[in-house]
Each structure stands twice: as structure tokens, then as C-alpha cells.
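Chemist: After the C-alpha cells below, expect a handful of questions from me.
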Amino acid sequence: MATDRIILQGMRFYGYHGVNPEEKAQGQAYLVDLEAEADLTRPGQSDVIEDTISYTHLYRVIRAIMEGESRNLLESLAQEIANCLLADFPLEAVMVTVKKPNPPIKGSFIEHAAVRIHRRREGGGTSC
């Protein structure tokens, strides 16, 4: 099992997600953090980009989901990100955090609401 990780923190996207109609109409910023588990021994030794997993490609998958189809729940966004990354890349596991800054909770002063999920590869999946 790999304990090596590729980490992308603080990815910012603008999306139209949420349960309230105004969230879907006006949209807002979202933050995503990713920890992707993979064996990085080979690229660590070779120093050859083809031997590793491109964080640019990981980012593009996440961006397409976050800026794509509207979802009601942060959980749904995190799950789709996890499913696609595990299907499309040679990763053993992923931890995905999706944050909604300043959630629309009347009378609240909350920096962000967030969900964090951890998913492991369970065999072949469908590519996204």
C-alpha cells in the first residue's frame, strides 16, 4: 500500500451548486483539497514526468466537475471527483475535501461548510 501522496490544496472554483434556488442562480466560490495516494517510487528515482501522475490532469478533472453540472450536495461533488480520479488515474485512494465558504445559514458566521471523503480503489471503474 502506498503512503505516498500527491496533494493539491486550495483549488478555487466558481460553481452553481446547492439546495437553494438562489445558490443555483447566482453561484459562488468553492474550495477543493485533494490527497491522492499512489506509489511515487519510480518517478522519485527517475525524475521523468512520464513516470508520475500529472497534477495538471488531476486538476482538470476536478475543475470539470466543480464548474460543470449543478449538484445539490457537497457530498455528491466529492463523490464524483473521487470516482473519476480513481477510474482515470493509477491511484490507490483519494481524500477529497469540498468547502463552501460562507454558507447561507441565516444568522451564522461560518468560515466554510465542508465535507471530506476517503475512497479506495475497488477494481475497474468507468472512466469519466
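The values are calculated or read from the model by the stated rules, or taken from the named source; none is laboratory data. Just so it is clear, the model here is predicted, and its values are computed rather than measured. Cβ: placed from backbone, ideal geometry, glycine included. Neighbour counts: every protein chain shown. These accessible areas exclude ligands, DNA and RNA; they are computed on the full protein's heavy atoms, side chains included. Shrake-Rupley method; radii C 1.70, N 1.55, O 1.52, S 1.80 Å.
Chemist: By how many degrees, 0 to 90 and rounded to 10, does the Cα axis of helix 55-66 deviate from the longest principal axis of the chain?
Modeler: 30 degrees
Chemist: Same structure, new question: Which whole-number value in Å³ per residue fits the convex hull of the alpha carbons of the chain?
Modeler: Cα convex hull per residue, to the nearest whole number: 106 Å³.
Chemist: Okay, next question. Which sequence of M66, M95 reflects their accessible areas, 1.4 Å probe, from the largest down?
Modeler: M95, M66
Chemist: Same structure, new question: Roughly how many debye, to the nearest 20, is the charge dipole of the chain about its Cα centre, given +1 on each Lys and Arg Cβ, -1 on each Asp and Glu Cβ, and no other charges?
Modeler: So the magnitude is around 460 debye.
Chemist: Could you please report the charge total around D33, scoring K, R as +1 and D, E as -1 over all other residues with beta-carbon less than 12 angstrom from its beta-carbon?
Modeler: Value of the local net charge: +3.
Chemist: In addition: Starting from the residue with the highest accessible area, list V19, V48, V115 in decreasing order, probe 1.4 Å.
Modeler: Sorted descending by solvent-accessible area, the residues read V19, V48, V115.
Chemist: How much net charge surrounds L73 when only other residues with a Cβ under 12 Å from its Cβ are counted (Lys, Arg +1; Asp, Glu -1)?
Modeler: -1
Chemist: Run the reach check for K106 against aspartates and glutamates, Cα to Cα strictly under 17 Å, same-chain hits fewer than 8 apart removed. What comes back?
Modeler: Straight-line reach from K106, under 17 Å: E22, E23.
Chemist: Against the longest alpha carbon principal axis of the chain, how many degrees, from 0 to 90 and to the nearest 10, is the axis of helix 74-88 turned?
Modeler: The angle comes out at about 20 degrees.
Chemist: Here's a follow-up. I'd like the accessible area for D4, computed on protein heavy atoms only with a 1.4 Å probe and all protein chains in place. Round to 10 Å², please.
Modeler: Counting only protein heavy atoms, the figure is 50 Å².
Chemist: What does the charge count around R121 come to, taking other residues whose C-beta lies under 11 Å from its C-beta (Lys +1, Arg +1, Asp -1, Glu -1)?
Modeler: With Lys, Arg at +1 and Asp, Glu at -1, the neighbours total -1.
Chemist: Testing the spin-label approximation: label points 7 Å from Cα along Cα→Cβ at E92 and D51. State their distance in nm.
Modeler: Simple spin-label model gives 1.8 nm for this pair.
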